[in-house]
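Please read the structure below before turning to the comments.
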Amino acid sequence: MAQTFESIMKYPAVDEELARKAMEGAVGVVREDLGKFTKKFPSSNSFDGFYEATENVEWTTGFWTGVIWLAYEYTRDEAFKEAAGIQVDSFLERIKNKIDVNHHDMGFLFSLSCVAAYKLTGSEKGKEAALLAADHLAERYREKGKFLQAWGNVGEASEYRLIIDCLLNLPILYWASETTGEKRYAQMAANHIRTAMKCVLREDDSTYHTYFIDMETGEPAYGVTHQGNRNNSAWARGQAWGIYGIALSCHYLKDESYIDLFVRVTDFFIRHLPEDLIPYWDFDFDTGSAEPRDSSAAAIAVCGMLEMVKYLDKARAAKYRDAAYRILYALIKECANTDTEKSDGLLLHGTYARDSRENTCTNRGVDECNTWGDYFYMEALTRVLSDWKMYW
Ligand code: GLY
């Protein structure tokens with residue numbers, strides 16, 4: 001079904017009471033999980049509802065530390081601060097020893113753990129780790145094409161591409177510029193988003209997941225999907241990364257041209273939501289499909305809209321806030337975990353990756369919790385309940 005901003009208004013919206021109740025529930029789950037996940041981290045996605053304990057590897061461990069920081073902000077309970085502090089030590093070790101960091105996800109990993117630690121507690125270890133991470137990410141910047149290479153060894157021909165997810169890795173570069181006074185980090189980030197949006201945004205306002213750049217000329221070459229259903233479809237989480245990524249760059253660059261991009265990407269997302277407002281993993285699928293949902297895409301989009309309302313005129317801000325509050329209501333009602341016997345995650349019904357004919361994935365974390373879904377769900381609740389100062 002095609003949604004509109006008018007049709008969305010018929011749904012109930014989250015209010016403070018419901019958000020508080022949902023937050024209390026989420027904090028309760030996080031508290032129970034601390035025993036398992038303080039020295040270890042939860043796996044990227046759950047298995048039959050439960051996370052496995054892992055070392056500090058992959059691109060996803062920062063989300064859990066971010067969840068703990070959000071629980072600390074909400075409760076001011078020192079137990080959360082202590083646990084997050086232990087994890088910050090682990091992140092400093094990780095970046096010093098370059099453990100599983102040959103990729104662009106330094107923002108996902110270090111903004112929510114270490115920049116957060118620095119902003120909330122003045123942690124010098126957090127600052128050191130995050131600056132090392134920003135330097136490491138800066139090494140992935142390719143002058144030929146002016147973008148940050150997502151995966152693989154830098155400069156490798158078969159990996160010369162950007163991906164839309166990287167927009168969430170830019171804030172650590174903006175932050176590094178603010179913190180050190182060195183403009184080069186922010187310049188790379190600004191160049192990257194300009195290149196990325198030129199490449200990934202299609203005429204119908206959907207987005208490519210990944211885009212190859214011609215190594216010789218630096219010109220955009222062609223788009224392909226990695227996690228979407230088809231090369232030309234709109235992977236729901238990719239579209240959501242676009243929404244929040246644009247909002248974050250708008251915040252740091254204070255450039256009003258990002259408003260139009262935000263409206264295009266977000267309106268596509270809203271228009272393609274199914275009847276219950278929880279997106280399927282790809283917008284190829286709609287109400288009635290047996291394909292799985294990706295609740296995390298909705299949570300990311302809500303956070304992006306709630307950030308962007310700060311830079312919009314009053315009427316537009318109200319429109320996107322109203323939409324975000326309705327999607328969050330649906331997430332609380334349909335996806336919030338309320339039974340720790342069945343799951344130790346916060347947000348049910350996410351999909352990490354789904355196998356399709358045109359993508360390069362095998363099924364992973366299908367209809368499961370994932371750590372980023374948990375994080376963005378809790379960030380969304382925090383945004384409703386407070387005038388939140390971002391970790392990004
Ligand atoms: N950034 C990887 C993903 O969204 O799955």
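Per-structure values
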{"quantity": "Cα-based Rg of region 10-158 normalised by 2.2 N^0.38 Å, two decimals", "calculated": "1.17"}
{"quantity": "Candidates Phe376, Phe50, Phe108, ranked by Gaussian network fluctuation over the chain, Cα under 10 Å, top entry", "calculated": "Phe50"}
{"quantity": "For Val309, net neighbour charge (Lys/Arg +1, Asp/Glu -1) across residues whose Cβ lies under 11 Å away", "calculated": "+3"}
{"quantity": "Net dipole in debye of the chain [+1 Lys, Arg Cβ; -1 Asp, Glu Cβ; about Cα centre; nearest 20]", "calculated": "860"}
{"quantity": "Accessible area of region 272-392 divided out per residue, in Å², using a probe of 1.4 angstrom", "calculated": "37"}
{"quantity": "Carbon/sulfur fraction of accessible area - region 322-361, other protein chains in place, 1.4 Å, %", "calculated": "39"}
{"quantity": "C-alpha center-to-center spacing [region 232-309, region 81-160] in angstrom", "calculated": "25"}
{"quantity": "Ranked order, Ile246, Ile332 - accessible area, probe 1.4 Å, largest first", "calculated": "Ile332, Ile246"}
{"quantity": "Positive-pole candidate from Ala186, Gly242, Ala157, dipole of the chain, charges at beta carbon", "calculated": "Ala186"}
{"quantity": "Region 308-349, dipole about Cα centre (Lys/Arg Cβ +1, Asp/Glu Cβ -1), debye to the nearest 20", "calculated": "460"}
{"quantity": "Of Pro171, Leu381, Ile99, farthest towards positive along the dipole that unit charges on Lys, Arg, Asp, Glu beta carbons give the chain", "calculated": "Pro171"}
{"quantity": "Rounded accessible area per residue of region 152-240, 1.4 Å, Å²", "calculated": "37"}
{"quantity": "Carbon and sulfur %, accessible surface of region 1-111 computed with the full protein complex present, 1.4 Å", "calculated": "54"}
{"quantity": "Region 348-392: trypsin sites (Lys or Arg not before Pro) in DSSP coil with no more than 12 other Cβ atoms inside 10 Å", "calculated": "Arg357, Lys389"}
{"quantity": "Packing rank of 323-329, 210-216, 337-343, where each peptide gets the mean count of other beta carbons within 10 Å, highest leading", "calculated": "323-329, 210-216, 337-343"}
{"quantity": "Shape category assigned to region 152-277 from the gyration tensor of Cα positions, a/c cut at 1.5", "calculated": "oblate"}
{"quantity": "Loop sites in region 1-103: trypsin sites (Lys or Arg not before Pro), DSSP, at most 10 other Cβ within 10 Å", "calculated": "Lys10, Arg76, Lys98"}
{"quantity": "Candidates Gly304, Gly66, Gly122, ranked by Gaussian network fluctuation over the chain, Cα under 10 Å, top entry", "calculated": "Gly122"}
{"quantity": "Two-decimal ratio, the chain, of alpha-carbon radius of gyration to 2.2 N^0.38 Å", "calculated": "0.90"}
{"quantity": "Cα-Cα separations in region 300-389 greater than 23 Å, expressed as whole percent", "calculated": "35"}
{"quantity": "Surrounding net charge for Thr195, when Lys and Arg each add one and Asp and Glu each subtract one, Cβ distance under 14 Å", "calculated": "+4"}
{"quantity": "Nearest-20 debye value, region 12-108 charge dipole, Cβ charges on Lys, Arg, Asp, Glu", "calculated": "280"}
{"quantity": "Region 1-72: equivalent-ellipsoid semi-axes (sqrt of 5 x gyration tensor eigenvalues, Cα, Å)", "calculated": "31, 17, 11"}
{"quantity": "Links that overshoot a 28 Å alpha carbon limit, given the list Lys127/Lys342; Lys119/Lys146; Lys39/Lys119; Lys198/Lys333; Lys98/Lys146; Lys81/Lys254", "calculated": "Lys127/Lys342; Lys119/Lys146; Lys198/Lys333; Lys81/Lys254"}
{"quantity": "HN-Hα J in Hz across region 151-166 - Karplus 6.51, -1.76, 1.60, θ = phi - 60°, x for Gly and Pro", "calculated": "10, x, 6, 5, x, 6, 4, 6, 10, 7, 8, 10, 9, 5, 4, 4"}
{"quantity": "Contact order normalised by residue count of the chain, Cα under 8 Å, 6+ apart, percent", "calculated": "21"}
{"quantity": "Cross-link partners of Lys21 among aspartates and glutamates (Cα-Cα below 20 Å; sequence separation of 8 or more within a chain)", "calculated": "Glu32, Asp33, Glu73, Asp77, Asp322, Glu334, Asp339, Glu341, Asp344, Asp374, Glu379, Asp387"}
{"quantity": "Hydrodynamic radius by Kirkwood, which averages 1/r over all alpha carbon pairs of region 273-316, in angstrom", "calculated": "11.7"}
{"quantity": "Region 193-317, accessible surface, carbon-and-sulfur percent (1.4 angstrom probe)", "calculated": "46"}
{"quantity": "Solution diffusion estimate, µm²/s, Stokes-Einstein, region 120-184, Kirkwood Rh from C-alpha pairs, 4 °C, viscosity 1.567 mPa s", "calculated": "101"}
{"quantity": "Listed residues Ala247, Ala157, Ala19, most fluctuating in the chain (Gaussian network, C-alpha, under 10 Å)", "calculated": "Ala157"}
{"quantity": "Aspartates and glutamates whose Cα lies under 17 Å from that of Lys125, excluding same-chain neighbours fewer than 8 positions away", "calculated": "Glu82, Asp89, Glu93, Asp135"}
{"quantity": "Phi-based couplings in Hz for region 269-282 (Karplus 6.51, -1.76, 1.60; Gly and Pro marked x)", "calculated": "4, 4, 4, 9, 6, x, 4, 8, 6, 9, x, 5, 5, 9"}
{"quantity": "Accessible area expressed per residue, region 1-117, with surrounding protein chains retained (probe 1.4 Å, Å²)", "calculated": "41"}
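The values are calculated or read from the model by the stated rules, or taken from the named source; none is laboratory data. Predicted model, so just to flag it, every value in this text is computed and none were measured. Note: ideal-geometry Cβ built from the backbone for every residue, glycine included; neighbour counts use all protein chains shown. These accessible areas exclude ligands, DNA and RNA; they are computed on the full protein's heavy atoms, side chains included. Shrake-Rupley method; radii C 1.70, N 1.55, O 1.52, S 1.80 Å.
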